[in-house]
1. Any idea how many residues of the range 574-588 are open to solvent by less than 10 Å² (accessible area, probe 1.4 Å) and closer than 28 Å to residue 229 by Cα?
2. Could you tell me whether residue 367 is free of Cβ contacts under 8 Å to residues at least 60 places away in the same chain, within 23 Å of residue 203 (Cα to Cα) and charged (D, E, K, R)?
3. So which residues in the range 478-495 are within 11 Å of ligand 2 (Cβ to nearest atom) and either touching a Ser or Thr at 6+ places or on another chain (Cβ under 8 Å) or open to solvent by 10 Å² or more (accessible area, probe 1.4 Å) (or both)?
4. Cβ-Cβ under 8 Å, sequence separation 6+ or interchain: first residue in the range 258-277 and among the hydroxyl-bearing types (Ser, Thr, Tyr), partner surrounded by fewer than 20 Cβ atoms within 10 Å (Cβ to Cβ). Which pairs?
5. Name the one entry in 535, 524, 519 that is at pLDDT 95 or above, outside the structural domain of residue 441 (by TED's automatic domain parsing) and more than 16 Å from ligand 1 (Cβ to nearest atom).
6. Being among the small types (Gly, Ala, Ser) and surrounded by fewer than 18 Cβ atoms within 10 Å (Cβ to Cβ) narrows it down to one residue among 571, 513, 552, 591; which is it?
7. Given the residues 402, 406, which is the only one that is open to solvent by 30 Å² or more (accessible area, probe 1.4 Å) and away from ligand 1 (no atom under 15 Å from the Cβ)?
8. What's the number of the condition residue 521 fails, among (1) within 16 Å of ligand 2 (Cβ to nearest atom); (2) more than 22 Å from residue 584 (Cβ to Cβ); (3) out of contact with any strand residue (DSSP E or B) (no Cβ under 7 Å at 6 or more places or on another chain)?
Amino acid sequence: MNRTEDTPPPRPPAERPVPKAVIRGERRLLGIAVSAGIAIGPVFGAVEAVAEVERRKIQASDSGAEAARLDAAITQSRKQLQKLKARLGVLPESSQAEIAPLLDAYYQMLAPAARLPRGCRRRISETLVSAETAVLDETETLAEAIMAAGSDDDRAGRRRRAEEVREIGRRLVRNLTRTPFRSFAALPAGAVVVSEGLRPADAALLDPARVGGVATDEGGADGHTAIMLRALGVPAVLGVPGLSQAARPGDTIVVDGGSGEVVVNPGPNTLATARRNVLAFARERQKLARLRRLPSVTEDGCPIELQANLEIPAELPLIAQCGATGIGLLRSEFMFMNRETIPDEDAQAETYRSVVEAMHGDPVTIRVLDWGGEKDIEALQSAGVVPEAADTNPALGLRGIRLLLRETGLFEVQLAAILRAASAGPVRVLLPMVTNVAEVRTAREIYDRVARRLRRRGERLPEALPPLGIMIETPGAALSADALALEADFFAIGTNDLAMYTLAVDRGETEVASLYDPLHPAVLRLVQFATEAALRMRMPVSVCGEMAANPALTRMLIGLGLRSFSMNASALPRVKQAVRGLTIEDCTRFARRVMDMSDAAEIRETILGPPKA
Ligand code: PEP
Ligand code: MG
């Protein structure tokens, strides 16, 4: 149904306004394909978290801190608006002309001397209310004033302006509260979540049985949100410029997570094609499922270990179905997400134990907490373990092992919980974000100390402690791999961060997504160097970054000497299919050819074939 401006559809109060002149016909947009599958469903706008905010009084002595929180939220909101505007350039001019003025209006409303920020500051200092309360009250007062002024002729315009004020208020509150989006409970079955951006913690709340798909303005191919969506098997396209302004709740949308195309209000032909594609995808899945019981060996009989990555326990059934022979990377961050307290040793031990038991004797590699970068973890902030405001550059800050070696209490609790779970089956412990030998030595001292303490406490631990390995995901670690191989028990190569840190390109950032290239020769050389260092020491080495999940790369990675890969469960059958068609000799020859190349584009074409027009 085409809607007209004269008959606006009824909308719940928390929806975002849509620019007046948006044409409601079919609209095709292109983004980054991050999770295969096709979704057809109504748009569900995942933007409002305001309803959960409680109006709150504060002490006079806290008003300075509240005003500072408000200012930080204003700065963040303005940055977001600038970013959205900068990305409109790729849209057709007519769309830019519709959306840009609206973003400008929002931006102006947040200018430091504008009425809204001034009013909010006054409320904080004079009526002693929290920043959120001040924003909610001030935006409502402003919106009511807009509605009360002027003639009846301009009622529609005034209603729109009032809604704009409320929308900017909602953005401020979202940034103030940093609350994950929790209203997925209201998501109609099969609906497609559309938003500006989605944090990994928000993605973790999605129920893959209910959500049809996800499409967002922001995000990159190998960011943690993308990884989470792939893990859940939810069709998704991220980094679609202008999407959240072009699609309104209730519109029909098609999301093709394989091609990266998103169609808002598809016409009958587009819908018919999309439905055919849904069926074709399901048939392909069924075909791949038959590979489950076949062994993962090359054509010439070399076994290749294929394990699964686990982001949240909800994936366990998928892992059981995909034929994985263990969990090569359990990202333990999920236990700390979407909660305000840190889980204690018993709670953690219980969770690890249930995963280990579910794997029925197959090994589970548990990575200790990798906080930092784009992963916001409320529990650590609420507990004061990490500051509220992130570092200037969180990816280069107190991330992974650095945080754990500073907060040794947190580290010890997690190690103790993992060691306790080791009595349920084979376990390995993995350290994230290592850059030097000293970190591994210190971590091992702590590990041994925790084990001694547990034994004194009467816990039954395996005689030989579970292996303690490290992620090779920084250029520093890759280039010191020979020295690190003397300290660690195994390597897990994290190509996502390795590409990010080597190329100085944020993996979750849409603006530089085209520069994020794990096939850049610099990244491949680091993978090769680290792999060879491990092989010389006869030490286990695997790849658990997203490269491992791409069957087109399997030939080259095996050619570099790798025999173990860990990936999202849904990718595993395709990789197994690739493995079974390869011979070691061909892989080795192919990798040699690739490693002689210095041009990223040539490498890409050699491995993936010519770019699509
Ligand atoms: C990686 O960096 O490649 C990796 C596997 O770790 P994460 O994606 O969790 O940062
Ligand atoms: Mg990493």
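The values are calculated or read from the model by the stated rules, or taken from the named source; none is laboratory data. Everything numeric in this text was worked out from a predicted model, so none of it was measured. Because the Cβ atoms are built from the backbone with ideal geometry, glycine has one as well, and the counts that use them run over all protein chains shown. Accessible surface areas use protein heavy atoms only, side chains included; no ligands, DNA or RNA. Shrake-Rupley method; radii C 1.70, N 1.55, O 1.52, S 1.80 Å.
1. First, pick out the residues of the range 574-588 that are open to solvent by less than 10 Å² (accessible area, probe 1.4 Å): 575-576, 579, 587.
Checking which are closer than 28 Å to residue 229 by Cα leaves us with 575-576, 579.
Residues that pass the stated criteria total 3.
2. No, not satisfied.
3. Residues of the range 478-495 within 11 Å of ligand 2 (Cβ to nearest atom): 492-495.
Result: 492, 493.
4. Hits for this filter: 270/26.
5. Values: 524 fails: more than 16 Å from ligand 1 (Cβ to nearest atom); 519 fails: more than 16 Å from ligand 1 (Cβ to nearest atom).
On inspection, the qualifying residue turns out to be 535.
6. Working: 571 fails: surrounded by fewer than 18 Cβ atoms within 10 Å (Cβ to Cβ); 513 fails: surrounded by fewer than 18 Cβ atoms within 10 Å (Cβ to Cβ); 591 fails: surrounded by fewer than 18 Cβ atoms within 10 Å (Cβ to Cβ).
None of the other options fit; the residue is 552.
7. 406
8. Only one criterion is unmet by residue 521, namely (1).
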